[in-house]
Structure formats: C-alpha cells, structure tokens
Amino acid sequence: MLNTHYFFALSLPIETKRYLDECMQPMKAQGAFKKWVHPEDYHLTLAFLGSADELGPVLDKVGSLQFPAFPLTLDGFGTFGKSDSPRILWMGVDYSDMLHKVRNHVYGACEEAGFQLDKRPFSPHITVGRKWNEQSPFTNEVLDGFQPAAGHTFTATEMVLYQTHLDRMPKYEAIYTIPFQAN
C-alpha cells in the first residue's frame, strides 16, 4: 500500500486554477518538465504533516484558528533544486503579511499537536511542474518567455487538510476544510 501523507494548504479558486493551467500550456507543449501537476491539485502549502496515525488533535488546534479572507497576487514562475536541472517549477505569490501570519499560526498549531515540520524558511508557491526534461542545462532565461504578461489576484477563502493518493489523478483529496471569515 502506498504511504498516505497529509498537509494543510490554501485552496485556490477555480478561476485561479484555470489561469494557472492556461499559463502552463506553452511550457507543457514544449515538454520542458517531465511531470505536470493536475490543475485540480494546485494549492499553496502551509504545513506538510507527512504520514499520521491520529489527526484529531491537529484538527482541533488548526480548526480553532480564525482568519479573515485575504487577497493574494501571483507573481511569476521560479524553480527549486539544482540551478541547471531544477526539480520543481512553481508560480510564486507577492509578499503578504496575512499569508505569513496564517502560515505561522498553522505551523505552530501543527507543532503543538506533535508534528515535526520542515524547518526551511517559508517560500510561498504553487507547484506546477516537476523534473527538468531538457538535454540542455536549465537557465532562468528559459522562464522569461513564459512569464505571465499580467498578474492575477485571487482571494484566499479557506484552508484545507489534504490527503495524498499517489495512485490516482488528481492525487489530493480535501478531507477537512476551514473557511476564512468574509470581509
């Protein structure tokens, strides 16, 4: 049986998922990366829990947090991994105090519930592709021709606990949703 993992993330509105998918089409046509994230799986991770035997305590702690809905603006493609052969292609978001506040509270609640979380600095992004697929080395100039001409702003209205299903597409299932307060 495949190992199931869980993570808290901001879900994205359908319009934002469509926008991202449209932005991805030229790169998909070129085949620049080996794997592409299914558009229904686009999200912005707040805390990756990994596997879990018991979710009750973390759901109690994170579920008790209250936040207002807030705007976020997508700001362009970037990569993680080796500079000449990245493993992750992502779409970033403009800096948001509210996003960092939400992430910090969620992260703290998960740690209080006993989860050991990644200690790397928070780098908000939406993963859209994986594993550089070209013979030639990757350079940042590769992305220049694919950057969106205009920004896209959306409102974060909920946080979701997702469960992974590596044997299906889309592979993330929303199992618990925490709505944000309307403004």
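No value in this document is a laboratory result; all are computed from the given coordinates. Computed from a prediction, not measured in an experiment: that's the story for all the values here. All Cβ positions, even for glycine, are placed from backbone atoms using ideal geometry, and neighbour counts span all protein chains on display.
Compared with the alpha-carbon gap, the fully stretched path from E22 to E141 is longer by 40.8 nm at 0.36 nm per residue. With neighbour counts taken as other beta-carbon atoms within 10 Å, the residues F80, F8, F180 rank, fewest first, as F80, F180, F8. Per-residue Cβ neighbour counts within 10 Å put Y176, Y19 in the sequence Y176, Y19, beginning with the fewest. Once the C-beta distance of K101 and E15 is scaled by a Förster radius of 30 Å, the resulting FRET efficiency is 0.75 to the nearest 0.05.
Between T155 and E40, the modelled label-to-label distance comes to 2.6 nm, taking each label 7 Å out from Cα in the direction of the beta carbon. For a straight C-alpha distance cut-off of 27 angstrom, the lysines reachable from K131 (same-chain residues fewer than eight places away being disregarded) are K17, K28, K34, K35, K82, K119, K171.
For a test of the definition: using alpha carbon positions, the gyration tensor, and the 1.5 limit on a/c, classify the range 55-115 as rounded, prolate or oblate. Since a/c reaches 1.5 but b/c is at least a/b, the shape of the range 55-115 is classed as oblate. Could you give the longest part of the chain that holds none of the trypsin sites (Lys or Arg not before Pro) found in DSSP loops with at most 13 neighbouring Cβ atoms within 10 Å? Answer - 1-118.
Can you tell me, using C-alpha contacts under 8 Å and at least 6 residues apart, the relative contact order of the range 30-183 as a whole percent?
35 percent
Within a straight-line Cα-Cα reach of under 17 Å, K61 can be paired with the following lysines, leaving aside sequence neighbours fewer than 8 residues apart in one chain: K101.
Does the range 1-78 classify as rounded, prolate or oblate by the C-alpha gyration tensor (a ≥ b ≥ c root eigenvalues; a/c under 1.5 gives rounded; else a/b over b/c gives prolate, otherwise oblate)? Write down the numbers at each step before the final one.
Details: a/c = 3.19, a/b = 1.50, b/c = 2.12.
Oblate shape, in that a/c is at least 1.5 and b/c is the bigger or equal ratio.
Annotation: the residues M27, M159, M98, M169, sorted from fewest to most other C-beta atoms within 10 Å of their own C-beta, follow the order M169, M98, M27, M159. Using the alpha-carbon centroid of each, what span in Å lies between the range 92-133 and the range 139-183? Here the answer is 12 Å between Cα centres. Seen through its C-alpha gyration tensor, with square-root eigenvalues sorted a ≥ b ≥ c, the chain comes out prolate because a/c lies at 1.5 or above while a/b is bigger than b/c.
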